[in-house]
Ligand SMILES: C[S@@+](CC[C@H](N)C(=O)[O-])C[C@H]1O[C@@H](n2cnc3c(N)ncnc32)[C@H](O)[C@@H]1O
C-alpha cells in the first residue's frame, strides 16, 4: 500500500508511523474489559470455530515451545498450554499491558501454572533468541502492527528450523454478495454494537477500517514468503472473511 | 469445514459440561495433561482425538499430525450402548475394544470417561452423515430425536456439497451457509445451555 515515507494506516486515516502504536494501544485499552463478550457478539461466536481450525493447523505436540503474539485475552494461549502438556511451554504476549493483564488474570483463574509465561512485547521486535520456538502464532493481531513485514521477519527468526508460523487474520471475502453483506455489517452494525456493549463506537469503527486496509490473501502470502518462510499455504474461512496463513522455517 | 468444527465444538462443550459435574473424573484426566487419545469408530471411518488439559477438561481435535499416544477402537454401537448400562463396570465401550499404543493411558482415559453419562448417539450424530447416524441410532433410541437428526443431516449434506463444489458454485450459497452456520451455532448454544441447566438441577455436584 502506498504510504508516504514515515506514514502508515490507522484504519482509513494516514498517520505518522511513530504514532500508530499508541493509537492502537488506545483502542485496546478501551476495549480490554469487554473484549471477550464483544468477540462473541461480533462474530456470532464463529471466532471460536476459526480458532479451532487454527489450532489443528498448528499441529502442536507435547513438549513444544510456543510463542503467541498479540494474545489479547489468550484464547489460543489457553488451548496451547493444554496441548503442549506439562513439559512444554507457552509464552503469552501482547504489546498492551491492559490486555495482557486481563489475559493473565484469566489464565490464572483457569488454573494454568508452570508451563506458561507472560511477556509484554511488540511483535515487530521480539526480545527472544533465534531458533527458540516450534510455533509462533498471531491471531487477529497482525493488522494492528505498524510494520508487518518486520513482524513476519521477527517471527521467522524466533522459530527453530522445522517450526512454523500461523497468522489468523481478517481477510478479503472471496465473493461479491458476501462482501457487500459484510460491508454493511461492519460499517453499520458493528460500530453500533460496539457503542451499545463496550460504549465505544470509535474503536469498532477502527476495527472495520483496519480490516479493509489489511493486505489480502495473496499479498500477505507474498509477504510471508518474503520473510523467508517456505511451504506457505492459505485457508479461507467463512468465505474469506478470515484466512489462516501458514509458513514453515526449514 | 465449519459444520465439522461446529460439531467438534458442540461435542467438546457437552463433554466438558458433564465433566464439570464430576470432580473425580476431572482429577483423573488432569493427570493425563497433554497426552493424546484417539477414539476410532469402526465402520464410519471417524477418529476423534482427545487431549486432556491441566484441569482435566478435554480438547477435541478432528485431526492431528503424527500418531496419538494411544487409540481405542470399537464399534459406534458399543460406544452408545456402554452409556445405557450401569456405570459399575466402567469402560468406554460396551463390547470389544482394541487398544493401540500406550495401553495404560487408554485404560485410564476410558475409565475416567466411562462414569459420565455421555449421550454418544447424540454427539456422533452431530458429525456423521445419514447412513452412519442411522447405523448408530438403530435399535438404541430410535424415534425420539428423528426430527433433530434430520436437520443435522441436511446441514451436513449441504456443507459437503458446498465444500466439494465450492469453486463452481454461485455466490449466494456461501452467504447462505454463513447465515445457516450462525443460526446453527446459536441453536447449539441454546441447546447446550438448556442441557447444562438441567444437569445443574439434577446433579449433586458443584458445577459453579
Ligand atoms: C483483536 S486482539 C486479538 C487477541 C487474540 N489473539 C484473539 O485472537 O482473540 C489484537 C491484539 O493485538 C495487540 N497488538 C496490537 N499491536 C501489537 C503489536 N505491535 N505487537 C503485539 N501485539 C499488538 C493488541 O493489544 C490486542 O490485544
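Before we move on, is residue A:167 farther than 25 Å from residue A:61 by Cα and either buried (at least 19 other Cβ atoms within 10 Å of the Cβ) or without any contact (Cβ under 8 Å) to a residue 60 or more places away in the chain (or both)? Answer is no for this residue. Here the condition is being within 14 Å of chain B (Cβ to nearest Cβ), in contact (Cβ under 8 Å) with a residue 12 or more places away in the chain and surrounded by fewer than 22 Cβ atoms within 10 Å (Cβ to Cβ); of A:234, A:242, A:184, it holds for A:234 alone.
Taking region B:26-47 as the range and being surrounded by fewer than 21 Cβ atoms within 10 Å (Cβ to Cβ) and at pLDDT below 95 as the test, the residues that pass are B:40, B:42, B:43, B:44, B:45, B:46, B:47. Evaluating residue B:99 against the criteria (1) over 26 Å from residue B:200 (Cα atoms); (2) touching a strand residue (DSSP E or B) at 6+ places or on another chain (Cβ under 8 Å); (3) buried (at least 21 other Cβ atoms within 10 Å of the Cβ) leaves one unmet condition, (3).
For region A:65-77, the candidate set comprises residues that are surrounded by fewer than 24 Cβ atoms within 10 Å (Cβ to Cβ) and closer than 20 Å to residue A:169 by Cβ; within that set, the residue that is farthest from the other protein chains (Cβ to nearest Cβ) is A:73. Only a single item in (1) without any contact (Cβ under 8 Å) to a residue 12 or more places away in the chain; (2) in contact with a strand residue (DSSP E or B) (Cβ under 9 Å, 6 or more places away or on another chain); (3) at the interface with chain B (Cβ under 7 Å from one of its Cβ atoms) is not met by residue A:84, and it is number (1). Does any residue in region A:122-139 that is farther than 13 Å from residue A:90 by Cα come within less than 6 Å, Cβ to Cβ, of a residue that is away from the ligand (no atom under 14 Å from the Cβ) and not in a strand (DSSP E or B) six or more places away or on a different chain, and which pairs are these? Once the first residue is farther than 13 Å from residue A:90 by Cα and sits in region A:122-139, its partners that are away from the ligand (no atom under 14 Å from the Cβ) and not in a strand (DSSP E or B) give A:130/A:157.
Report whether or not residue A:135 is modelled with pLDDT of 95 or more, within 12 Å of chain B (Cβ to nearest Cβ) and in contact with a helix residue (DSSP H, G or I) (Cβ under 6 Å, 6 or more places away or on another chain).
In short, yes.
Please work out if residue A:177 is within 16 Å of the ligand (Cβ to nearest atom), assigned to a helix (DSSP H, G or I) and surrounded by fewer than 22 Cβ atoms within 10 Å (Cβ to Cβ). Spelling it out, it is not the case that residue A:177 is within 16 Å of the ligand (Cβ to nearest atom), assigned to a helix (DSSP H, G or I) and surrounded by fewer than 22 Cβ atoms within 10 Å (Cβ to Cβ). Is it the case that some residue within region A:33-56 is surrounded by fewer than 15 Cβ atoms within 10 Å (Cβ to Cβ), under 25 Å from residue A:193 (Cα atoms) and touching a residue at least 12 places away in the same chain (Cβ under 8 Å)? Yes, region A:33-56 contains at least one residue that is surrounded by fewer than 15 Cβ atoms within 10 Å (Cβ to Cβ), under 25 Å from residue A:193 (Cα atoms) and touching a residue at least 12 places away in the same chain (Cβ under 8 Å).
Listed here are the helices (runs of 4 or more DSSP H) enclosed by region B:1-101 that have at least 1 residues being within 14 Å of another protein chain (Cβ to nearest Cβ): B:2-19, B:23-30.
The values are calculated or read from the model by the stated rules, or taken from the named source; none is laboratory data. What you see is a predicted model; the values in this text were computed from it and never measured. Here the Cβ is made from the backbone with ideal geometry for all residues, glycine too, and neighbour counts use every protein chain on show.
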